[in-house]
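The block underneath contains the structure these notes are about, expressed in structure tokens.
Here, each number is a calculation from the coordinates, and none is a lab measurement. As the structure is a computational prediction, the values presented were derived from the model and not from experiment. FYI the Cβ positions are ideal-geometry reconstructions off the backbone, even for glycines, and counts take in every protein chain you see.
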Amino acid sequence: MSFVNRLRWFFKDRWGSYLLAVSIMAIVSLLSTVPPNLIGKTVDHIREGQLTSAGLSQTVLLLIGLSLLLYVMVYIWITTLFGNSALVEKVLRGRLLANLTRMTPAFFQRNSTGQLMALATNDILAIGQTAGYGVMTLVNTLVGASVVVIMMVSLVSYKLMIAALIPLPLLAVVISKLGKKVRTRFLDAQASFGKMNDHALESISGIRVIRSYVQENDDLTAFDKVTSDVMLKNKRVSILNALFQPIISLIVGVSYSIGIGYGSYLVFQEEISLGQLISFNIYLGMLIWPMISFGEFINVLQRGSASADRLDTALTQKPDLKDTDKPVAIAVPSSIEMKQLTFTYPTASHPSLEKVSFKLERGQTLGIVGKTGSGKSTLLKQLLRQYPLDQEQLYIAGVPVERIAIDQMRRWIAYVPQEHLLLSKTIRENIALGKPNATHEEIARAVEMASFTEDIAMMPEGLETIVGENGVMLSGGQKQRLAIARALLVDSEILLLDDSLSAVDARTESRILHHIRLEREGKTTFINTHRLSAVSHADWIIVLNEGRIVEEGTHEELMLFGGWYKEQWERQQMEASLEE
């Protein structure tokens, strides 16, 4: 019942089509009992010498007509039932993806990409099979077996029926025990499949690094161990699956033996006719598929239930960050202020930011600098609302961010992360990701501001060049400038540049920053960088060290202060002079 409860919403919505399919299946099962009865009567007529050519022709035509009718009805219920199976897979994949888009980074730290891919492929496929093939096997078992048993009793002999069905209770016991083991082994196999996905993703995405360190053979050996584990666990599932049909065939074979032996005795005792015995054995043969269906149903149900539980676990997880019930409407982010902001990652034991405070008015630029691991990127992520914060530590236009709708916050922001997400599409489509309806002129302007025009002109297909998976066709600097062009195209109120100029030369950096200052006048910009020349123009600069602000001020003030900022500036200027 676990599976039914998990999909109650779907069965409730599609009850009409399921009722149609089940009704037609029941009628098909009922009509399928007519041919054995006709065959038995025909045999009796032959034995008694009463069969005429007209009677034989009528029986043959009736069987042909019945076969055609059954063909049409079977086609209808198969398309209806398995159409629902495909539909539930589509709906569940959509729900899973929609739920994943709402999740915060903490969720993806708890769940690997491989496991989530296994949910979207194997698990949802198993649920779809249960909603289609599983329902078919259940109806075949209940309706098909019931109709056949009724026909045995009413048209042949209840004593013969009872004797022939004596072995069947054993079948229920065996299948019940096998079903529980199938569920346990199937869960292990699915978890192993997720680990294999993770390894494959890591190997493919890091193939250049693997080759550069000549680790191809080691990686193949490690992958072979993972795939061997997947094979072994799936083999253990297959072994149990393979036991279902032989056990069913064995028990049905015993029933056949009883039916033929005891049935022959009843014929000699003239309690039933030869035609009835033949009809009974045909009916008994018709019980084989319902019995096999019962085994298949238990098998499919256990898989579907296990997968439904796994999927439900993922779907019921809620984002760590919740929207406010009554959000405050703000037209524009006229100011951004942090007040003693302290933040610790969910899996960390020490804070990554500690008592960070600053205030930025609309149109100003904030530079964020410091050593590697000092908390620069973490500070920017607080504006993206990726993690929950303590109350009243971050304000937008004087309003605490927890009282502002998360979607509203994100609509204000264009973010250029350190690791750029590039789709395996054209440069144009990648740039227009945040504004799909952008005109050619708008895209060209964004490309120019990102100092990417010359690079695109050298490409064979210009803006229509396919960048490859994750931008494999582009250099590091080109990826950065494409991501900057994407952010500049949306012309957001707040622009976050997270070390986004590290792969370009100083001259290109200067041109990009010049364009940003001109085009984004009156809008707020955050620049996180290791190259201090990128923030020397900023209205305010903060220097972070171990999550704390150790220096702050304008470029001129920090140079006069004579601390880390001045030392780093002079070192970088000297390095730039030597390079020139």
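Taking the Cβ of residue 558 as the center, what net charge do the other residues with Cβ under 10 Å away carry, scoring Lys and Arg +1 and Asp and Glu -1?
Neighbourhood net charge equals -3.
Can you give the Rg/Rh ratio of region 351-485, where Rg is from the C-alpha atoms and Rh is the Kirkwood radius?
Expressed as Rg/Rh, it is 1.03.
Roughly what angle does helix 440-449 make with the longest principal axis of the chain, taking Cα atoms, 0 to 90 degrees, to the nearest 10?
Long axis of 440-449 versus the principal axis of the chain: about 50 degrees.
Before anything else, pin down the relative contact order of the chain: Cα pairs under 8 Å, at least 6 apart, normalised by residue count, whole percent.
Computed value for the chain: 15 percent relative contact order.
Could you please report the charge total around residue 326, scoring K, R as +1 and D, E as -1 over all other residues with beta-carbon less than 14 angstrom from its beta-carbon?
So the surrounding residues net to -1.
At a temperature of 4 °C and a viscosity of 1.567 mPa s, determine how fast region 260-408 diffuses translationally according to Stokes-Einstein, using the Kirkwood radius over alpha-carbon pairs as Rh; express D in µm²/s, rounded to the nearest whole number.
59 µm²/s
As a footprinting exposure proxy, order 484, 336 by other Cβ within 10 Å, with the fewest listed first.
Going from least to most buried by this count: 336, 484.
Ranking 395, 158 by Cβ neighbours within 10 Å, fewest first, what do you get?
158, 395
Report the local net charge at residue 479: Lys and Arg +1, Asp and Glu -1, summed over other residues whose C-beta lies under 12 Å from its C-beta.
Net local charge, residue 479 excluded: 0.
Over the alpha carbons of region 422-566, what is the largest minus smallest coordinate on each principal axis, giving the biggest first in Å?
Projected onto the principal axes, the Cα atoms of region 422-566 cover 51, 30, 26 Å.
Nearest-5 percent of antiparallel DSSP beta bridges in the chain?
50 percent
Taking only Cα atoms of region 104-234, what ratio of Rg to Rh do you get with Rh as the Kirkwood inverse-distance radius?
With Rg and the Kirkwood Rh in hand, the quotient comes to 1.25.
Neighbour counts of other C-beta atoms within 10 Å: give me 226, 72 arranged from fewest to most.
72, 226
Would you mind getting me the FRET efficiency between residue 444 and residue 423? Use the beta-carbon distance for r and R0 = 25 Å, nearest 0.05.
FRET efficiency, residue 444 to residue 423: 0.80.
Considering Cα pairs under 8 angstrom that are at least six residues apart, work out the relative contact order of region 336-579 and quote it in whole percent.
Reported relative contact order: 27 percent.
Going by average Cβ neighbours within 10 Å, how do the peptides 186-194, 357-365 rank, with the highest at the top?
Ranked by mean Cβ neighbours within 10 Å, highest first: 186-194, 357-365.
Could you work out, for region 189-335, what percent of all Cα-Cα pairs fall into each 10 Å distance bin, beginning at 0 Å and stopping at the bin that holds the largest distance?
Per 10 Å bin, starting at zero, the Cα-Cα P(r) for region 189-335 comes out as 9, 18, 17, 16, 14, 12, 7, 5, 2, 1, 0 percent.
Based on the Cα coordinates of region 408-487, what is the per residue volume of their convex hull in Å³?
Spelled out: Cα convex hull of region 408-487, divided by residues, is 91 Å³.
Counting each DSSP H run of 4 or more residues in the chain as -39500 (n - 2.57), what helix-only mean residue ellipticity at 222 nm follows after dividing by all residues, to the nearest 500 deg cm²/dmol?
Helix-only estimate at 222 nm: -20000 deg cm²/dmol.
If the reach is capped at under 16 angstrom between alpha carbons, list the lysines near residue 566, excluding any in the same chain fewer than eight residues apart.
371
Normalised by the number of residues in region 112-254, what is the relative contact order in percent for Cα pairs under 8 Å and 6+ residues apart?
Reported as a whole number, the value is 40 percent.
Rounded to the nearest 10 degrees, what's the angle between the helix 506-519 long axis and the longest principal axis of the chain, both from Cα atoms, 0 to 90?
Once rounded, one gets 90 degrees.
Grab the Cα-Cα distance for residue 110 and residue 545, subtract it from 0.36 nm times how many residues apart they are, and report the gain in nm with one decimal.
Answer, rounded to one decimal: 153.8 nm.
Classify region 491-544 from the C-alpha gyration tensor, please: rounded if a/c falls under 1.5, else prolate or oblate depending on whether a/b exceeds b/c.
Here region 491-544 falls in the oblate category.
Could you state the orientation-averaged shadow area of the convex hull built on the Cα atoms of the chain, in nm² to one decimal?
37.5 nm²
Could you tell me what a quarter of the Cα convex hull surface of region 336-579 works out to, in nm² with one decimal place?
13.9 nm²
Report the calculated FRET efficiency for residue 30 and residue 324 (r = Cβ-Cβ distance, R0 = 56 Å), to the nearest 0.05.
Once rounded, the FRET efficiency stands at 0.40.
Roughly speaking, what is the centre-to-centre gap between region 256-327 and region 16-79 when only Cα atoms are used, to the nearest Å?
23 Å
Arrange the peptides 433-443, 447-457, 236-246 so that the one whose residues have, on average, the most other Cβ atoms within 10 Å appears first.
Ranked by mean Cβ neighbours within 10 Å, highest first: 447-457, 236-246, 433-443.
Projected area of region 2-316, taken from the Cα convex hull and averaged over every viewing direction, in nm²?
20.9 nm²
By how many nm would the segment from residue 464 to residue 339 lengthen if fully extended, with 0.36 nm per residue of separation less the alpha-carbon distance?
Full-extension gain reported as 40.4 nm.
Taking the chain as the reference, fit the longest principal axis to its C-alpha atoms, fit the long axis of helix 53-102 to the helix C-alpha atoms, and give the angle between the two in degrees, 0 to 90, nearest 10.
That helix lies at roughly 20 degrees to the long axis.
Measure up 181/235; 180/233; 425/479; 376/435; 12/90 against 19 Å on the Cα-Cα distance and list the ones that go over.
Too far apart for the 19 Å limit: 376/435.
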